[in-house]
Amino acid sequence: MKVGVCYYPEHWPREQWEQDAQHMQELGLSTIRIGEFAWSRLEPVANQYQFDWLEEAINVLHAAGLKVVLGTPTATPPAWLCKQIPDMFSIDENGNTRGFGSRRHYCFSSLSYREHCKRIVTALAKRFGQHPAISAWQTDNEYGCHSTTISYSEAATKAFQLWCQQRYKTIYALNAAWGNVFWSMEYNSFDDIGPPILAVTELNPAHRFAYWRFSSDQIVSFNKLQTDILRAYSPGRDIVHNFMGNFVEFDHFAVSEELDVATWDNYPLGFLTRDGVDEAEQQRYLRTGHPDSSSFHHDLYRNCTAGRLWLMEQQPGPVNWAPYNPAPVDGMVRLWGWEAFAHGAELVSYFRWRQAPFAQEQMHSGLCLPNGDEDDAAREVRQLCAEAGQLVNSINEAPSASVAIVFDYAGDNAQRIQQPGGQHYDPLSYTQKIYSALRQLGLGVDVISPNSPQLASYKALFLPNATVSDDALVNRLSEFKGPVMLFTRTGSKTVECSIPENLAPGAFQKLINVRVNRVESLPPHTRLLTDKKTTLIDWRERIQTSLKPHEICADGWGFHYQQASVHYINACLPKHDLLNLLEKTLQAADIDCLNLGPDLRIQRRGNTCFAFNFGPATIELTKPQLEHFGFNAEIGFLLGESTLPTAGICIWQCGEHSSPTC
């Protein structure tokens, strides 16, 4: 449980570096990320490297006993390089160049840019790969940020044509797979295929889905280009990348195959308006962040790299980029750190050390003000460092999860590409609602890949976006012993984004005898009720089956079908009804639940339990809650107490009789 910070020595006078390093060490920090935006200082002129200043900065940090995560600077190609190879720029869907002047202004498919990336990464790895201060490398920075995953440049077009040729082999196979006979969209050659943009009306969903897969694959190969170099010249160091929150533009599981640790950048208040929660929840959690937003991403990214998780950027105060930027309530900066540790993080690194007095992020707070004085967050980080240091030997097991959400990036995007599901519906938000309900029921949750080999280790599985009909996944699920819950649009598309021949849920019909023969999307003001008063919203499917539904709507459409331990939930539900449905289903399967309410969250890591209060009122942990999670009154609390004010935390060791499902 280490604590770190992001630092930019190139932003500050040389005589300040020792003072900053000593201040970091005094605060309790151990790991410093540097270098990820410094290309113009590392190579101010083509092929003229200036690495001495960076080595001096690393030496200063090393002398203070600090470890360094060194970032490759490829997210910010300098002006001279942009002028030298103008074909490196990304092109947006309207044909506009996304040019120089900020960051991430490159196209993943540009071969000329890739060659320069190889060159600068190789030079850095040779120079610093064996430096004793370097504990890890970060590739690039926030792949896809600012909607830069997909580019429609000439380089991307050529790369896509090659990708299609390798995937489909013949143009006739591509035409058949995409259904290009429709509207006379057939091609005579792979060279005729352009990117899916600038058409008169809706584009072919198969074309768009293929382009999403291609664009995701381009990030995978771009990342591997760097990891291969870093492993060759800096063996034994961790290689990481910092993902983002609420971001599904590429397959993070696939990118993580070349990483040692998945890290991500956590801004709970900045994300609040993007979490799919209503205005009442946004107000309730204005200064704390939603109780399940950060933890969802912790549990997702931890499972991208076999259980290893870091936070590379943690919010320290108001940010500058959200629609609104409130300040966190006192104690939340510390709570967010402990929450990350509770979900298995090895490192929590705050962004940034000093608030920049210039350029685009000058209104983004740091641990220190621009003049070096400590900002409010520094006090809480100092406390977090001291507490983590005292308890590190008591908290040494992995997080405990009894159930898992099977999350498919391709499935999420298949729903976005073509779904008459209402403009307000967001598949990621609905996945997070399912996660949130499970967490409110006191359960530990993993968010795993459809290819995870660990399915059998869970008591229940939830598949909110298994949109693509997948025989291999179905075969593995058929061997699972506990409840499997399938949700709307399961198996509704083939890998080419067409309707399966046997209709939805496609291959999943092997698990449950249902077939979807009609769907409807509902506007936000529409609510349908079943005979048991369950509210249905957003999307509903009419089912053809011999199975009897659990509930029936007034128009005769059934809701919630079950065959053995497999459930098909053929409509969307608001939060309260979703919570009730999941609780009933789990209890029927003898999976112990305990409704914690909207604000309290309890996470178990091995034999240690953590309780957090995200709400506006003080919470008193009850005896049943403490007993459920194995509290031993004779031992007491490792940290805190049973009374939790807003942003309050307490930690205790679980006893032998605690619930095995927590």
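The values are calculated or read from the model by the stated rules, or taken from the named source; none is laboratory data. In this text the structure is predicted, and so the values were computed from the model without any measurement. Note that each Cβ is placed from the backbone with ideal geometry, even for glycine, and that neighbours are counted across all protein chains shown.
Hey, among the residues in the range 126-168 that are among the acidic types (D, E) and assigned to a loop (DSSP other than H, G, I, E, B), which one's farthest from I58 (Cα to Cα)?
E142
Within the range 67-88, can you find the residues that are crowded, with 20+ Cβ neighbours inside 10 Å and either over 25 Å from Y233 (Cβ atoms) or at pLDDT below 95 (or both)?
none
Taking the condition in contact with a strand residue (DSSP E or B) (Cβ under 9 Å, 6 or more places away or on another chain), buried (at least 22 other Cβ atoms within 10 Å of the Cβ), at pLDDT 95 or above and more than 30 Å from V69 (Cβ to Cβ), does S153 pass?
On the way: in contact with a strand residue (DSSP E or B) (Cβ under 9 Å, 6 or more places away or on another chain): yes; buried (at least 22 other Cβ atoms within 10 Å of the Cβ): yes; at pLDDT 95 or above: yes; more than 30 Å from V69 (Cβ to Cβ): yes.
Considered against the rule, which asks whether it is in contact with a strand residue (DSSP E or B) (Cβ under 9 Å, 6 or more places away or on another chain), buried (at least 22 other Cβ atoms within 10 Å of the Cβ), at pLDDT 95 or above and more than 30 Å from V69 (Cβ to Cβ), S153 comes out as yes.
Give me the pairs, please: first residue somewhere in the range 427-439 and outside any helix (DSSP H, G or I), second residue anywhere and surrounded by 24 or more Cβ atoms within 10 Å (Cβ to Cβ) and at pLDDT 95 or above, beta-carbon distance under 8 Å, and either six or more positions apart or on two chains.
Sorted first by the residue in the range 427-439, then by its partner, the list stays empty.
Tell me, please, whether a residue that is in a strand (DSSP E or B) and closer than 30 Å to S402 by Cα can be found in the range 521-536. Reasoning before the result, please.
Applying the first criterion (in a strand (DSSP E or B)) to the range 521-536 yields 521, 528-530, 535-536.
Subsequent filtering for residues that are closer than 30 Å to S402 by Cα retains 535-536.
Yes: the range 521-536 contains one or more residues that are in a strand (DSSP E or B) and closer than 30 Å to S402 by Cα.
In the range 616-630, which residue that is assigned to a loop (DSSP other than H, G, I, E, B) and more than 27 Å from the chain's Cα centre (by Cα) is farthest from A280 (Cα to Cα)? Before the answer, list the steps.
Taking the range 616-630 first, the residues assigned to a loop (DSSP other than H, G, I, E, B) are 616-618, 621-622, 629-630.
Checking which are more than 27 Å from the chain's Cα centre (by Cα) leaves us with 617-618, 621-622, 629-630.
Details: A617: 15, T618: 19, L621: 24, T622: 26, F629: 30, G630: 34 Å.
Restricting to residues being assigned to a loop (DSSP other than H, G, I, E, B) and more than 27 Å from the chain's Cα centre (by Cα), the top hit is G630.
Among what's in the range 441-468 and is among the polar types (S, T, N, Q) and either in a loop (DSSP other than H, G, I, E, B) or outside the structural domain of Q415 (by TED's automatic domain parsing) (or both), pick the residue that is farthest from A210 (Cα to Cα).
Going through the range 441-468, the residues among the polar types (S, T, N, Q) turn out to be 449, 451-452, 454, 457, 465, 467.
Applying the additional criterion that residues be either in a loop (DSSP other than H, G, I, E, B) or outside the structural domain of Q415 (by TED's automatic domain parsing) (or both) yields 449, 451-452, 454, 465, 467.
Details: S449: 20, N451: 20, S452: 23, Q454: 29, N465: 18, T467: 15 Å.
Across the range 441-468, the extreme among qualifying residues is Q454.
Filter the range 12-41 for residues that are in a helix (DSSP H, G or I) and among the polar types (S, T, N, Q) and give the result.
Q16, Q19, Q22, Q25, S40
Quickly run through the range 353-376 and pick out the residues that are outside any loop (DSSP other than H, G, I, E, B), out of contact with any Lys or Arg (no Cβ under 7 Å at 6 or more places or on another chain) and buried (at least 22 other Cβ atoms within 10 Å of the Cβ).
Of everything in the range 353-376, just one residue is outside any loop (DSSP other than H, G, I, E, B), out of contact with any Lys or Arg (no Cβ under 7 Å at 6 or more places or on another chain) and buried (at least 22 other Cβ atoms within 10 Å of the Cβ), namely R354.
Whether any residue in the range 594-606 is surrounded by fewer than 18 Cβ atoms within 10 Å (Cβ to Cβ) and either among the charged types (D, E, K, R) or touching a Leu at 6+ places or on another chain (Cβ under 9 Å) (or both) is what I want to check.
yes
Those residues that are buried (at least 24 other Cβ atoms within 10 Å of the Cβ) and part of a loop (DSSP other than H, G, I, E, B), I need them from the range 306-316; list them, please.
Once the filter is applied, which keeps residues that are buried (at least 24 other Cβ atoms within 10 Å of the Cβ) and part of a loop (DSSP other than H, G, I, E, B), the range 306-316 yields Q315, P316.
Being assigned to a strand (DSSP E or B) and without any contact (Cβ under 8 Å) to a residue 40 or more places away in the chain is the filter here; which residues of the range 541-553 pass it?
Result: R542, I543, Q544, E551, I552, C553.
Working only within the range 178-211, note down all residues that are within 18 Å of Q165 (Cβ to Cβ) and part of a helix (DSSP H, G or I).
Listed by number, the residues that qualify are W178, F190, D191, D192, A206, H207, F209, A210, Y211.
Collect the residues in the range 586-635 that are more than 17 Å from Q653 (Cβ to Cβ) and among the polar types (S, T, N, Q), keeping them in residue-number order.
Selection gives Q587, N595, N613, T618, T622.
Test T97 against the stated conditions and say whether it is closer than 16 Å to N141 by Cα, modelled with pLDDT of 95 or more and among the polar types (S, T, N, Q).
no
Name the residues in the range 48-75 that are touching a residue at least 40 places away in the same chain (Cβ under 8 Å) and part of a loop (DSSP other than H, G, I, E, B), would you?
Y49, F51, A64, G65, L66, T72, P73, T74, A75
Scan the range 532-550 residue by residue and report those that are out of contact with any Asp or Glu (no Cβ under 6 Å at 6 or more places or on another chain) and more than 27 Å from T494 (Cα to Cα).
In the first step, residues of the range 532-550 are kept if they are out of contact with any Asp or Glu (no Cβ under 6 Å at 6 or more places or on another chain); the result is 533, 536-539, 541-550.
Correct list: K533, K548, H550.
Name the pairs: first residue in the range 518-538 and without any contact (Cβ under 8 Å) to a residue 40 or more places away in the chain, second residue among the basic types (K, R) and buried (at least 16 other Cβ atoms within 10 Å of the Cβ), Cβ to Cβ under 6 Å, at least 6 apart or on different chains?
Matching pairs, first to second residue: R518/R542; E520/R540.
If I filter the range 593-615 for residues that are outside any strand (DSSP E or B), closer than 13 Å to R439 by Cα, at pLDDT 95 or above and among the charged types (D, E, K, R), do I get at least one hit?
The answer is yes; a qualifying residue exists.
Give the residues of the range 572-602 that are among the charged types (D, E, K, R) and within 25 Å of the chain's Cα centre (by Cα), sorted by residue number. Please lay out each step first, then the result.
Narrowing the range 572-602 to residues among the charged types (D, E, K, R): 575, 577, 583-584, 590, 592, 599, 601.
Of everything in the range 572-602, those that are among the charged types (D, E, K, R) and within 25 Å of the chain's Cα centre (by Cα) turn out to be K575, D599, R601.
Can we say R489 is among the charged types (D, E, K, R), assigned by TED's automatic domain parsing to the domain that holds P574 and crowded, with 22+ Cβ neighbours inside 10 Å?
Working: among the charged types (D, E, K, R): yes; assigned by TED's automatic domain parsing to the domain that holds P574: yes; crowded, with 22+ Cβ neighbours inside 10 Å: yes.
Criteria met by R489.
Go through the residues of the range 493-505 one by one and say whether even a single one is more than 21 Å from I417 (Cα to Cα) and touching a residue at least 40 places away in the same chain (Cβ under 8 Å). Break it down stepwise before answering.
We begin by selecting, within the range 493-505, every residue more than 21 Å from I417 (Cα to Cα); these are 502.
Checking the rest, the ones that are also touching a residue at least 40 places away in the same chain (Cβ under 8 Å) come to none.
No, the range 493-505 contains no residue that is more than 21 Å from I417 (Cα to Cα) and touching a residue at least 40 places away in the same chain (Cβ under 8 Å).
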